[in-house]
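Inspection log for the structure reproduced underneath, given as structure tokens.
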Amino acid sequence: MKLVLCKIDQLSVVIDLTNKIWPVAYGEILSKAQLDYMIKKFYNETALLELMQKGHVFYLAKDDEGKYVGFVSYEINCEPNKTKIHKIYVLPETQGTGLGRHFFELVKEKAIENNQKAIFLNVNKYNNAIHFYTKLGFTKVKDEVIDIGNGYVMDDYVMELCF
């Protein structure tokens, strides 16, 4: 696997990956209507470009054949001295290959380089990824319900890893 910094002209890759990953990752957690709403609202080129302009850094993962298989985004100092992983997604067929851990290690390295004291993230309370984050050393620090409009909410745990 090779991790490459995502450039503005590659945001369509993030959108394409989202359209492949989200229905599998959230298909049993969210209604199809909410899933479609969230993808349309948060994963269009304008929304992603705005995130990049606000300091979100995106990396893409390429497999040995040059096919994109996942992405991560993070923000240094999202909170004072804390880096937030905003997005970390891999194609279903690459789960269990170590790619998620590879993304995490990249973010941790960048956080440490920037004198951060912790990494945190939000995860849906019913998402199996909670087990992955727990294995990495994250702990649940609070519950958070976020109104995302159209009558929908994100019902999450905030998980954190201090170092």
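Only the coordinates and a few stated rules stand behind these numbers; no lab work does. What you see is a predicted model; the values in this text were computed from it and never measured. Neighbour counts are summed over all protein chains in view; Cβ atoms, including those assigned to glycine, are modelled from backbone coordinates with ideal geometry.
Points to keep in mind about this one:
- Chain lengthening between Asn77 and Lys135 when straightened (0.36 nm per residue, less Cα-Cα): 18.5 nm
- Student exercise, the stretch 2-115 dipole from Lys, Arg, Asp, Glu Cβ charges, in Debye to nearest 20: 200
- Cβ-based charge dipole, the stretch 2-115, positive-most Cα from Gln95, Leu51, Val13: Leu51
- Amide H to amide H, with H built 1.01 Å from N, Asn127 comes under 5 Å of no residue 5 or more places away or on another chain.
- In this calculation the C-beta distance from Ile112 to Ile39 is compared with R0 = 35 Å, giving a FRET efficiency of 0.60.
- Multiplying the residue separation of Ser31 and Asn128 by 0.36 nm and subtracting their alpha-carbon distance yields 33.2 nm.
- Put a dot 7 Å past the Cα of Asp9, heading toward its Cβ, do the same for Val145, and the two dots end up 4.6 nm apart.
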